[in-house]
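Okay, structure first, notes after.
The values are calculated or read from the model by the stated rules, or taken from the named source; none is laboratory data. Since we're looking at a predicted model, the values are computed, not measured. Cβ coordinates were reconstructed from backbone atoms using ideal geometry, including for glycine residues, and neighbour counts include every protein chain displayed. The protein model used for the area step is the full one, side chains on, heavy atoms only, and it has no ligands, DNA or RNA in it. Shrake-Rupley method; radii C 1.70, N 1.55, O 1.52, S 1.80 Å.
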Amino acid sequence: MDVISVIRTKRDRGRLSDEQIDWVIDAYTRGAVADEQMSALAMAILLNGMDRAEIARWTAAMINSGERMDFSSLPRPTSDKHSTGGVGDKITLPLAPLVAACGAAVPQLSGRGLGHTGGTLDKLESIPGWRASLSNAEMLDVLRGTGAVICAAGDGLAPADKKLYALRDVTGTVEAIPLIASSIMSKKIAEGTGSLVLDVKVGTGAFMKTLEDARELASTMVGLGTDHGVRTVALLTDMSTPLGLTAGNALEVRESVEVLAGGGPADVVELTLALAREMLDAAGLHDADPAKALADGSAMDVWRRMITAQGGDPDAALPVAREQHVVNASTSGVLEILDAYAVGIAAWRLGAGRARKEDVVQLGAGVELHAKPGDSVVAGQPLMTLHTDTPEKFAYALEALHGGILVGPPGASFEPKPIVLDRIS
Ligand code: URA
């Protein structure tokens, strides 16, 4: 087998054979296929696609590149959630303890933010003392003791994806449905969860900009999960405007704690409950009542135990950025557009995200919204507050917001978008 013939097959719109796929994933993981060769193949896949059988084999080869975890010794059914990434998407934080409070075990392997979308681990690291890296034994201990764990995937899990994802990120090959589906599902299947709920984001702030592409990604992932014996359901959810009122690490932790305390923005609560119901259903816990677990404080109890078990202090003050800048409405009327991508880029430029993997994020940086689409605003009213430790970034962040905010005439009719747009099982 040689890599050039594998690249040529896909370049010329052919099908990769099972042998070609197994070989190229294994050889790339071992370092026998170079990054430039794999990036040529990734670009050929992005341009020419893969059929379902190729995607299934590619996913299986990535799973087989590393270890598989096993939670079968736990007394509870396992259920996990994965979001394809968005702006202000802090849902994992209230969701994992909530589902655990309702009787499931939630092994939530999460990632860091890159580009305009935030990462769950960066958010949680704003809690003093909290540790993202756990050994497999520690992970199992936290899961057994509290019902939920949120931590980084170990190096042994789907190492082919770790290498390939980093390469795709710098070669313009992230947005390929076969590569996204196999990347996400190889990690989730290797992780060993019994059931999985996918939150496939649609809109300007998501990888998938149209419902049609999101449906294709969702049904590809649901098919892969089901074929590997994981009960998998996908919700397609709106990402045309940020979720909730915050985008940025510590800001989002604060909002998540508000949700766990029974408050928080309506859209965050609605999506948290919708995903919780799906996760509990997929885990066979049909009688569980997540709304009650939010209201009676039992989800908050699990959150506090989970954070403490990972070295964090749930009562510690969260980091606050040194400087603030308020953006006011320039006219009176109805806020029609508050674009998720624009807000995500602004938060990133303020220091909430990183441009390169090794960059350090500012924990207090980000954007705090004071109005959401559909709200009436008056000229001069604060629309959002920008937070950063590096005030020289304000101008750069404001530039990102140009064209991302639209105030329509007073009294203009506004059709709110539902959060959950579709369900695929
Ligand atoms: N998240 C992943 O884990 N992989 C992708 O390819 C895209 C989003």
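Quick one: which of Leu98, Leu46 is buried (at least 21 other Cβ atoms within 10 Å of the Cβ) and in a helix (DSSP H, G or I)?
Numbers: Leu46 fails: buried (at least 21 other Cβ atoms within 10 Å of the Cβ).
Of Leu98, Leu46, the one residue that is buried (at least 21 other Cβ atoms within 10 Å of the Cβ) and in a helix (DSSP H, G or I) is Leu98.
Applying a threshold of 7 Å to beta carbon distances and a minimum spacing of six or more residues, or different chains, the list of pairs starting in the stretch 170-183 at a residue that is touching a residue at least 60 places away in the same chain (Cβ under 8 Å) and ending at one that is assigned to a helix (DSSP H, G or I) and near the ligand (Cβ under 8 Å from one of its atoms) reads Thr173/Leu179; Leu179/Arg168; Ser183/Asp161; Ser183/Tyr165.
What about Ser219, is it of a type in the set (Gly, Ala, Ser), open to solvent by 10 Å² or more (accessible area, probe 1.4 Å) and either under 19 Å from Ala340 (Cβ atoms) or not in a helix (DSSP H, G or I) (or both)?
Answer is no for this residue.
Pairs needed: first member in the stretch 154-169, within 13 Å of the ligand (Cβ to nearest atom); second member anywhere, open to solvent by less than 60 Å² (accessible area, probe 1.4 Å) and of a type in the set (Val, Ile, Thr); C-beta distance under 7 Å; at least 6 residues apart or different chains. Close Cβ pairs satisfying both conditions: Ala158/Ile63; Ala160/Ile25; Ala160/Thr29; Lys163/Thr29; Arg168/Val174. The combined condition, being modelled with pLDDT of 95 or more, over 28 Å from Arg215 (Cβ atoms) and either outside any helix (DSSP H, G or I) or in the same structural domain as Asp26 (by TED's automatic domain parsing) (or both), is fulfilled by Gly129. When Leu98, Leu74 are checked against the criterion of being away from the ligand (no atom under 16 Å from the Cβ) and either among the aromatic types (Phe, Trp, Tyr) or out of contact with any strand residue (DSSP E or B) (no Cβ under 6 Å at 6 or more places or on another chain) (or both), a single residue qualifies: Leu98. Summed over the stretch 249-280, the residues that are without any contact (Cβ under 8 Å) to a residue 12 or more places away in the chain and in a helix (DSSP H, G or I) give a count of 2. Across the stretch 1-15, the number of residues qualifying as surrounded by 20 or more Cβ atoms within 10 Å (Cβ to Cβ) and either polar (S, T, N, Q) or touching a strand residue (DSSP E or B) at 6+ places or on another chain (Cβ under 8 Å) (or both) comes to 0.
Given the criteria within 16 Å of the ligand (Cβ to nearest atom), at pLDDT 95 or above, among the small types (Gly, Ala, Ser) and crowded, with 21+ Cβ neighbours inside 10 Å, does Gly248 qualify?
Details: within 16 Å of the ligand (Cβ to nearest atom): no; at pLDDT 95 or above: yes; among the small types (Gly, Ala, Ser): yes; crowded, with 21+ Cβ neighbours inside 10 Å: yes.
So Gly248 fails the test.
Can you give me the number of residues within the stretch 101-123 that are outside any loop (DSSP other than H, G, I, E, B) and either under 11 Å from Ile150 (Cα atoms) or away from the ligand (no atom under 11 Å from the Cβ) (or both)?
Of all residues in the stretch 101-123, those outside any loop (DSSP other than H, G, I, E, B) come to 101, 105-110, 114, 117, 120-123.
Now drop any that are not either under 11 Å from Ile150 (Cα atoms) or away from the ligand (no atom under 11 Å from the Cβ) (or both), which leaves 101, 105-110, 120-123.
Number satisfying all stated conditions: 11.
For the stretch 154-179, the tally of residues that are open to solvent by less than 10 Å² (accessible area, probe 1.4 Å) and part of a helix (DSSP H, G or I) stands at 5.
If the condition is being within 13 Å of the ligand (Cβ to nearest atom) and under 17 Å from Asp80 (Cα atoms), then the stretch 197-217 contributes Leu198, Asp199, Val200, Lys201. Mind listing whichever residues of the stretch 334-354 are part of a loop (DSSP other than H, G, I, E, B) and closer than 12 Å to Gly118 by Cα? Selection gives Gly353, Arg354. Does Leu93 satisfy the criteria of being touching a Pro at 6+ places or on another chain (Cβ under 7 Å) and either open to solvent by less than 10 Å² (accessible area, probe 1.4 Å) or within 16 Å of the ligand (Cβ to nearest atom) (or both)? So Leu93 does not fit the description; no.
State whether the residues of the stretch 183-195 include one that is more than 15 Å from Ile55 (Cβ to Cβ), surrounded by fewer than 19 Cβ atoms within 10 Å (Cβ to Cβ) and modelled with pLDDT under 95. Within the stretch 183-195 (the criterion being more than 15 Å from Ile55 (Cβ to Cβ), surrounded by fewer than 19 Cβ atoms within 10 Å (Cβ to Cβ) and modelled with pLDDT under 95), the answer is yes, since at least one residue qualifies.
Residues in the stretch 16-43 that are surrounded by fewer than 12 Cβ atoms within 10 Å (Cβ to Cβ) and under 19 Å from Ala56 (Cβ atoms): Glu19 alone.
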